[in-house]
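Reviewing the structure listed below.
The values are calculated or read from the model by the stated rules, or taken from the named source; none is laboratory data. No experiment lies behind these values; they were computed from the predicted model shown. Ideal geometry is used to build each Cβ from the backbone, glycine not excepted, and the neighbour counts take in all protein chains shown.
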Amino acid sequence: MIPLVGVPKSIAKSLEKYRELFPRTKGFETVSRFITGLILSPNKTLEGIHSQQLWEEGSAIKRRAMHHAVYEAGWKSEEIMPKHRKIVASEHKGQGQEVISLDWTLTHHEKGKKIYGVKKQYDYVEGKMSRYQTVVTASIANREIIDGIEVVVQEPNYEKEEFAYLEVTRKESYEQMEQVKERLLELLHYQKNRLAYRKRTEIAVEIVKQIEAEGQFPEANYAFDNGVLNLALTEVIEQSGKDWVSKLEKNRNLNWKGDWTRVDVIEEKLKNTSPSSFRHCQVKGRNREIKSYWAFTKVVRLKKYGKKRLVIAYETEDLSDTPRFLLTDALHWDITRIIQTWNYRWSVEVFHEFAKQITGLESSQVRKEEAVKRHFRLSCVAQSLLQRVTCAGQKSEKFKFAKEKPTIGQRVYSLNRKALGQLLSLAEGLFAQGKSCQDVLKVFMPA
């Protein structure tokens, strides 16, 4: 673990674009150090990041002060994601096809029962009960880069628990007016919490409304899984003049030759009676890899949604693999474009893993709502900054295999190298002042 003397120049230069959101210079410097820690520190909690900091003499701040600067101070937290979207939008222009992906992910905190948004419930990924937050996300991707552009924590739903409490404490009659008032307050709180709860799909609609109101990504269409698909979302996207592609669940009913029929039943009939209707096509993926598909497409009618284009796609010529059902509002698109747009939806999964493993999305150990939101937003900023770090010294063995653009690991290596350079420069200055090895050690690692 390399002590962090300051903020590497490449990160500091990129963070200058966010400077206007921070009224105090000292606060901006502290947040910049925190973002650096999200990238370089092995322990990405605030405590872990603070313990790795090495301050100039007389400028050190305590952990509580860093906590205040990052999570509580009056910088413009609500404006950081709109600012972030504006910054990355300027860098996405002229980079070819780009797609906005919508999804959600789970951030686990087994010991953090008091952290905002955490609830013990069934984890469909791990197949067991666990404590986690549900985070609705949006990312934008082109062929070169993936940027997280929104992260929203879903407030847990306690309606069942609250209703059970009301059932258990119910009485046939109340003798005192105070008991009546207390019961009425409980009922009002139950109703208030019930109305305030937002489903993941509702949060996704709000995210799209915000993105489209800002107008930073005018050419980007949308891709999402069937868990996100809902009528309100598709209407908002279509009203914005955009198109969307979604995965469709296999039990969805379509109007097929006058009858409402499940899509998997339609697929089975086509495969058995008319396999030639699945045409071969080649699709270039986001990574420029060309992949073959055998697909059928037709404009169909769905209840509520109206006319949409259906695609049933296989990856094997003998149609022996599990088919993928896709739906889009773009009736004029061909199979290749639909599948290509859908493939960009996987970029949001890359963003989830990237942010969790490298920039601390899952490392928040703060309890309050505002603090959790700030941690997620700053993790998003760190994820974008890291992808834009330039690598120096690529003649070393560490970089020999990189024939094209540097990997994320190489970018982190370069930042660690710069951090080490800052540390050595500080040591050089201390030795020049006549400090002994013991004196320098006390600066680097206080007893």
Tally of residues being within 19 Å of the chain's Cα centre (by Cα) and more than 24 Å from Ile100 (Cα to Cα) across the range 132-163: 2
Is there a residue in the range 304-313 that is touching a residue at least 12 places away in the same chain (Cβ under 8 Å), crowded, with 19+ Cβ neighbours inside 10 Å and either assigned to a helix (DSSP H, G or I) or aromatic (Phe, Trp, Tyr) (or both)? no
Only one of (1) surrounded by fewer than 17 Cβ atoms within 10 Å (Cβ to Cβ); (2) free of Cβ contacts under 8 Å to residues at least 40 places away in the same chain does not apply to Met66, and that is (1)
Criterion first (surrounded by fewer than 19 Cβ atoms within 10 Å (Cβ to Cβ), in a strand (DSSP E or B), without any contact (Cβ under 8 Å) to a residue 60 or more places away in the chain and not β-branched (Val, Ile, Thr)) does Lys291 satisfy it? yes
Taking Ala164 as the residue in question, decide whether it is farther than 20 Å from Gln216 by Cα, surrounded by fewer than 21 Cβ atoms within 10 Å (Cβ to Cβ) and among the aliphatic types (A, V, I, L, M). yes
Of all residues being touching a residue at least 40 places away in the same chain (Cβ under 8 Å) and β-branched (Val, Ile, Thr) in the range 12-35, which is surrounded by the fewest Cβ atoms within 10 Å (Cβ to Cβ)? Just the residue, please. Thr30
Among the numbered criteria (1) buried (at least 19 other Cβ atoms within 10 Å of the Cβ); (2) touching a Ser or Thr at 6+ places or on another chain (Cβ under 9 Å); (3) part of a strand (DSSP E or B), which single criterion is violated by Phe325? (2)
Residue selected from the range 328-382 under the condition β-branched (Val, Ile, Thr) and not in a helix (DSSP H, G or I), by the criterion modelled with the highest pLDDT: Thr328
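Okay, residues lined up against (1) closer than 30 Å to Trp333 by Cα; (2) assigned by TED's automatic domain parsing to the domain that holds Val366; (3) acidic (Asp, Glu); (4) in contact with a strand residue (DSSP E or B) (Cβ under 9 Å, 6 or more places away or on another chain):
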site	(1), (2), (3), (4)
Gly127	no, yes, no, no
Ala138	yes, yes, no, yes
Glu144	yes, yes, yes, no
Leu166	no, yes, no, no
Lys171	no, yes, no, no
Val208	yes, yes, no, yes
Asp225	yes, no, yes, yes
Ala232	yes, no, no, no
In the range 209-232, which residues are closer than 24 Å to Tyr124 by Cα and buried (at least 16 other Cβ atoms within 10 Å of the Cβ)? Ala223, Phe224, Asp225, Val228, Leu229, Asn230
Which ones in the range 176-197 are within 30 Å of Thr137 (Cα to Cα) and surrounded by 15 or more Cβ atoms within 10 Å (Cβ to Cβ)? Tyr190
Looking at Val283, Val263, Val245, can you tell me which residue is surrounded by 11 or more Cβ atoms within 10 Å (Cβ to Cβ), more than 26 Å from Tyr305 (Cα to Cα), in contact with a Lys or Arg (Cβ under 9 Å, 6 or more places away or on another chain) and of a type in the set (Val, Ile, Thr)? Val283
Residue match in the range 52-63 (condition: buried (at least 18 other Cβ atoms within 10 Å of the Cβ) and assigned to a helix (DSSP H, G or I)): no
In contact with an Asp or Glu (Cβ under 9 Å, 6 or more places away or on another chain) and within 30 Å of Gln340 (Cα to Cα) - does that describe any residue in the range 153-165? yes
